[in-house]
1. Kindly list the number of the only condition in (1) of a type outside the set (Lys, Arg); (2) part of a loop (DSSP other than H, G, I, E, B); (3) out of contact with any Lys or Arg (no Cβ under 6 Å at 6 or more places or on another chain); (4) closer than 26 Å to Thr196 by Cβ that fails for Tyr127.
2. Of Arg285, Arg248, which residue is part of a strand (DSSP E or B), open to solvent by 30 Å² or more (accessible area, probe 1.4 Å) and touching a Ser or Thr at 6+ places or on another chain (Cβ under 7 Å)?
3. Tell me which residues, restricted to the stretch 97-115, are touching a Lys or Arg at 6+ places or on another chain (Cβ under 9 Å) and not β-branched (Val, Ile, Thr).
4. Of all residues in the stretch 87-126 being of a type in the set (Gly, Ala, Ser) and on the phi > 0 side of the Ramachandran plot, which is most open to solvent (accessible area, probe 1.4 Å)?
5. When you go through (1) of a type in the set (Val, Ile, Thr); (2) in a strand (DSSP E or B); (3) open to solvent by 10 Å² or more (accessible area, probe 1.4 Å) one by one for Thr214, which number turns out not to apply?
6. Considering the stretch 175-205 alone, what residues qualify as being touching a residue at least 12 places away in the same chain (Cβ under 8 Å), over 29 Å from Tyr61 (Cβ atoms) and either under 13 Å from the mean Cα position of the chain (by Cα) or surrounded by fewer than 20 Cβ atoms within 10 Å (Cβ to Cβ) (or both)?
7. Restricting the search to the stretch 150-168, which residues are farther than 24 Å from Arg269 by Cβ, open to solvent by less than 70 Å² (accessible area, probe 1.4 Å) and either without any contact (Cβ under 8 Å) to a residue 60 or more places away in the chain or assigned to a helix (DSSP H, G or I) (or both)?
8. Which ones in the stretch 121-166 are touching a strand residue (DSSP E or B) at 6+ places or on another chain (Cβ under 6 Å), within 14 Å of Ile81 (Cα to Cα) and of a type in the set (A, V, I, L, M)?
Amino acid sequence: MKKLCLLVSFSFFCGNVLAQTFADPNFTALPIGSGWNSPAGAVFSKDGQKLFVWERAGRLYVCNRDGAGNYIKQTTPVADIAEEVANWDAHGMLGFAMDPGFESNGLIYLLYVVDRHHLLNFGTPAYNPNTSISGQATIGRVTRYQTSMTGSNLVINPSSRQILIGETKSTGMPILHHSHGIGTLAFAADGTLLVTIGDAASYEGIDAGSNGGTFYQAALTDGIIRPEENVGAFRAQMINSMSGKLLRINPQTGDGVPSNPFYSAAEPRAPKSRVWALGIRNSFRIFIKPGTGSTDPAVGDIGEVYLGDV
């Protein structure tokens, strides 16, 4: 049984953090690290010894707990993929997750929008690492890396990179507007990886396809969307489209999970095989209630999921 709770009127903003006063003397506010540049999220390791913070531009940092209980920011980023990340408007590297077995395998997962110049030209003579293209059609991508200690620093091994979603411009999560893009990575109790993606439609009015305010034409030309996906916000209702969905994938392969509702054994990487829930406009953040869901991925019970539809 699956349970999805939709939270509406969800707000997200960045601003100055004001000093807090707590009525309970057991609570204190302590600064952690400094010099953050548009941090998109933070998460503790299971043992509480590490706090990972990821920035929208494509950098992941770790703060290590010392003997006094303070968290000290590692100067060297754990990962810096800014060259690949599209950091404009509501886009960037917005999702991060540690593998359930991180303490033993060191695996981490990143969810981000790919810079269009990188998407179209990387690996060709036309590619320039100092060039980026903003405000145009591109895709969202999920990658996995293995981390290890190099000296005193925890860093990724670039050669361990594996793309789980978005190997090519035709297999990524469509990004066709200034928002309504990617959202969250989270692990269910059964070890499957959840991914959220918005409908890629315009937020400025009704979008039923061929909307001049979106990047639909380039997306069609590039193969980012198929002609039948040129239906704007209605992509969220299309079973065989990743737009407007909560996806559930195998974290080792990126394939859909056999217990997903629309899974096809003949097409395990098709959008429909990865879809868990549909009809979502802009699922920026999700949260899985602890202690819910099966630990067996074959059961198809991911627990109680709370979804913030921005």
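The values are calculated or read from the model by the stated rules, or taken from the named source; none is laboratory data. As the structure is a computational prediction, the values presented were derived from the model and not from experiment. Every residue, glycine as well, gets a Cβ built from its backbone with ideal geometry; the counts of neighbours run over all protein chains shown. Just the protein is used for accessible areas: all its heavy atoms, side chains included, with ligands, DNA and RNA removed. Shrake-Rupley method; radii C 1.70, N 1.55, O 1.52, S 1.80 Å.
1. (4)
2. Criteria check complete, one pass: Arg285.
3. Correct list: Met98, Asp99, Pro100, Phe102, Glu103, Leu107, Tyr109, Leu110, Leu111, Tyr112.
4. Gly123
5. Checking Thr214 against (1) of a type in the set (Val, Ile, Thr); (2) in a strand (DSSP E or B); (3) open to solvent by 10 Å² or more (accessible area, probe 1.4 Å), the one that fails is (2).
6. Tyr203 - this is the single residue of the stretch 175-205 that is touching a residue at least 12 places away in the same chain (Cβ under 8 Å), over 29 Å from Tyr61 (Cβ atoms) and either under 13 Å from the mean Cα position of the chain (by Cα) or surrounded by fewer than 20 Cβ atoms within 10 Å (Cβ to Cβ) (or both).
7. Correct list: Asn157 only.
8. Residues satisfying the conditions are Val142, Ile156, Ile163.
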